[in-house]
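All remarks here apply to the structure that follows.
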Amino acid sequence: NREEKLKYIREKIRPFPDFPSKGIIFRDICPILKDPKALSTVIDLFEEHVRQTYPDVELIVGLDARGFLFGPLLAQRLGVGFILIRKKGKLPGPTASVGYTLEYGKAEAEVQEDAIEPGQKILIIDDLLATGGTLYAACELMKKQKAQILGCLVVIELTDLNGADRLKPSPLFSLVHF
Ligand code: PRP
Ligand code: ADE
């Protein structure tokens, strides 16, 4: 059942204290990817939620880099396309960009200008929500492109940092909380 599936995934996430800097507990998702059962369970749970809640979603938008590990698998399951938001300087052709800060640094995110048609219904996916800086920036970038943001999906939510508040009114769906 669902509780057992969530417990299975949670136990696969490894904590690394003081990485990449002192005071941060890094939540490592590599063991999920190494275990095909854990990875397919993650996608099963996302798929179930999206089919129930957002049956009209048209595109999954994934964040560089760890959103790319889950996004295309989910998009394939749903039979919709996948779009990449990348860190600055990686995408060819005309791009739109936005700057942001995250739990341990700052960066700039870009999308190809022709990736999304105005009004297209999208879900944004990443591995983890910490301060919410990254997903907030992705939402701003998608608004700039006139996408209709249905919501955000993450495997892990670090609840103490209140990142979900920054995403409002966009709803956040998360599987595991620390
Ligand atoms: C991590 C993580 C999220 C973001 C969350 O990515 O994968 O994208 O930080 O932090 P926030 O909620 O405080 O913004 P990172 O920028 O380290 O890049 P990576 O995926 O390339 O490792
Ligand atoms: N991205 C931002 N904060 C993180 C954390 N604590 N663990 C893994 N990825 C992160």
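Taking a ≥ b ≥ c as the square roots of the eigenvalues of the Cα gyration tensor, the range 77-140 is oblate, since a/c reaches 1.5 or more and a/b is not larger than b/c.
Sparse packing (at most 14 other Cβ atoms within 10 Å of the Cβ) combined with a DSSP loop state is found for the following trypsin sites (Lys or Arg not before Pro) in the range 74-178: Lys88, Lys90, Lys146.
Take the alpha-carbon centre of the range 1-44, take the same for the range 130-165, and report the distance between them in whole Å. About 20 Å separates the Cα centre of the range 1-44 from the one of the range 130-165.
Only protein atoms count toward the accessible area here, which uses a 1.4 Å probe; on the chain, the carbon and sulfur part of that area reaches 52 percent. Give, as a single signed number, the net charge of other residues whose beta carbon lies under 13 Å from the beta carbon of Leu33, with Lys and Arg counted +1 and Asp and Glu -1. For residues surrounding Leu33, the net value is +2. Shape class of the range 49-89 from the alpha-carbon gyration tensor: prolate, with a/c at 1.5 or above and a/b greater than b/c.
Remark: the chain carries 50 Å² of accessible area per residue (probe radius 1.4 Å; ligands, DNA and RNA excluded).
Antiparallel beta bridges, as assigned by DSSP with both residues in the chain, represent about 40 percent of the total such bridges.
Rounded to the nearest 0.05, the FRET efficiency derived from the C-beta distance between Glu113 and Glu48 at R0 = 41 Å is 0.80. For Gly23, the shell of other residues with beta-carbons less than 15 Å away shows a net charge of -1, using +1 for Lys and Arg and -1 for Asp and Glu. Dividing the helix sum by the residues of the chain, where each DSSP H run of 4 or more adds -39500 (n - 2.57), gives a mean residue ellipticity at 222 nm of -10500 deg cm²/dmol.
Sites listed here are trypsin sites (Lys or Arg not before Pro) in the range 1-48 whose DSSP assignment is loop and whose Cβ has at most 14 other Cβ atoms within 10 Å: Lys22.
Across the chain, Cα pairs under 8 Å and at least six residues apart give a relative contact order of 17 percent. Of the GluC sites (Glu not before Pro) found in the range 100-178, the ones in coil according to DSSP and having at most 15 other Cβ atoms within 10 Å of their Cβ are Glu113. Taking a ≥ b ≥ c as the square roots of the eigenvalues of the Cα gyration tensor, the chain is oblate, since a/c reaches 1.5 or more and a/b is not larger than b/c. Taking amide H as placed 1.01 Å from N in the peptide plane, Gln148 has its amide H under 5 Å from the amide H of Gly119, Gln120, Lys121, Ile122, each at least 5 places away in sequence or on another chain. Of the beta bridges in the range 60-127, as assigned by DSSP with both residues counted there, near 60 percent are antiparallel. Taking all protein chains together, Phe19, Phe173 sort by accessible area into Phe19, Phe173, largest first [probe 1.4 Å]. Length gained on full extension, Lys144 to Phe19: 41.7 nm, using 0.36 nm per residue less the C-alpha separation.
The values are calculated or read from the model by the stated rules, or taken from the named source; none is laboratory data. It should be emphasised that the depicted structure is a prediction, and the values quoted were computed from it without experimental measurement. Neighbour counts run over all protein chains shown; Cβ positions are idealised from the backbone, glycine included. Surface areas here come from the heavy atoms of the whole protein model, side chains and all, with no ligands, DNA or RNA. Shrake-Rupley method; radii C 1.70, N 1.55, O 1.52, S 1.80 Å.
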